[in-house]
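See below for the structure under consideration.
No lab work stands behind these numbers, since they all come straight from the coordinates. Everything quoted here is computed from the prediction, not taken from an experiment. Neighbour counts run over all protein chains shown; Cβ positions are idealised from the backbone, glycine included.
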Amino acid sequence: MAGGQAEQQAVITARLLTTHAEFAEAVDLQRTVWGFADLELLPVRLFVVASKVGGQVLGAYDGERMIGFCLAIPGIKHRPDGNNFSYLHSHMLGVLSEYNNRGVGRLLKLRQRELAMEAGIDLVEWTFDPLEVKNAFFNVERLGAIARRYVENQYGTTTSFLHGGLPTDRLVAEWWLRSPRAASVVAGQGRPRPAIEVRVSIPADIAEVRKSEPKRAREIQQRASVTFRDAFNRGLAVVGFERSPEAGTYLLGIPE
């Protein structure tokens, strides 16, 4: 069984997308993964523009079938001292649910990292829902990202069933690609942890709470928002993440 699974996993690959037909496939995946109304879909023309102005459009394939994609657009960080620099904003990554827990998202992100570093990029950022504990674990513990910004209702209320009608509050992940932290995490090596000063716990069953108890879900979201913003104002950052059967817990300390 293990050998068969390894062979099945080996056929999944990630590569740059370049054609209109490939971009159209990625648009279709948005409908399947998020259930967006057509008005909220990122159109083919955005994928075209991103691919031509320094962004990235990556697809994950099982044989000839596209099973996931990742879209990133270029950005500029403006510093007070004038030493501005370019980075990538990784706006969307989606994988078909039947391929969850098979390493497809990580495959796409590692290919993204490789190509970004080849282009001289040091930072990739993206936003993620603080209530999605699985994504949080992936971002922090499997990629080595940190977070030190909280944005309330970034995208407004959407039609996606995944958002459950809640405001789209988001944490901003910072993936410093050449940092010792990211390098050691990507390589599967251990790393020292800074002292943890604040913990933010999200119930493990939050997905079900969103569906059956939206008022309670909103209360959980609001409590987390207050704690995150207070900690970030004190110079702390998300530097670790723990999971248990009961909860997912963000660990906040001074970033190394």
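The table for this structure:
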{"read-out": "Distance (nanometres) between label positions extended 7 Å along Cα→Cβ at ASP122 and TYR99", "value": "3.3 nm"}
{"read-out": "Dipole axis of region 208-256 (+1 Lys, Arg; -1 Asp, Glu on Cβ), positive-most option in ASN233, ALA247, ALA217", "value": "ALA217"}
{"read-out": "Gain upon complete extension [ARG243, VAL49; 0.36 nm per residue less C-alpha separation]", "value": "66.0 nm"}
{"read-out": "Phi-based couplings in Hz for region 243-254 (Karplus 6.51, -1.76, 1.60; Gly and Pro marked x)", "value": "10, 9, x, 8, 7, x, 10, 7, 10, 10, x, 6"}
{"read-out": "Extension gain from THR19 to LEU41, taking 0.36 nm per residue of separation minus the Cα-Cα distance", "value": "6.1 nm"}
{"read-out": "5 angstrom amide H check on THR127, placed H, neighbours 5+ away", "value": "ALA173"}
{"read-out": "For region 122-136, Karplus couplings with θ = phi - 60° (6.51, -1.76, 1.60), whole Hz, Gly/Pro x", "value": "9, 10, 10, 10, 7, 9, 8, 6, x, 7, 8, 5, 5, 5, 4"}
{"read-out": "Residues with amide H under 5 Å from that of GLY248, placed H, sequence gap 5 or more", "value": "ILE202, ALA204"}
{"read-out": "In sequence order, calculated HN-Hα J values of region 190-206 (Karplus, 6.51, -1.76, 1.60; Hz; x Gly/Pro)", "value": "x, 8, x, 9, x, 5, 8, 9, 9, 10, 10, 9, 10, x, 5, 9, 4"}
{"read-out": "Cα-based shape type of region 84-161, given that a ≥ b ≥ c are square roots of the gyration tensor eigenvalues and the cut on a/c is 1.5", "value": "oblate"}
{"read-out": "Computed helical MRE - 222 nm, the chain, DSSP H runs ≥ 4 contributing -39500 (n - 2.57), nearest 500", "value": "-10500 deg cm²/dmol"}
{"read-out": "Above-threshold pairs, the threshold being 27 Å between Cα atoms, out of LYS52/LYS109; LYS77/LYS215; LYS77/LYS134", "value": "LYS77/LYS215; LYS77/LYS134"}
{"read-out": "Long-range amide H partners of GLN154 with built H, under 5 Å", "value": "THR168, ASP169, ARG170"}
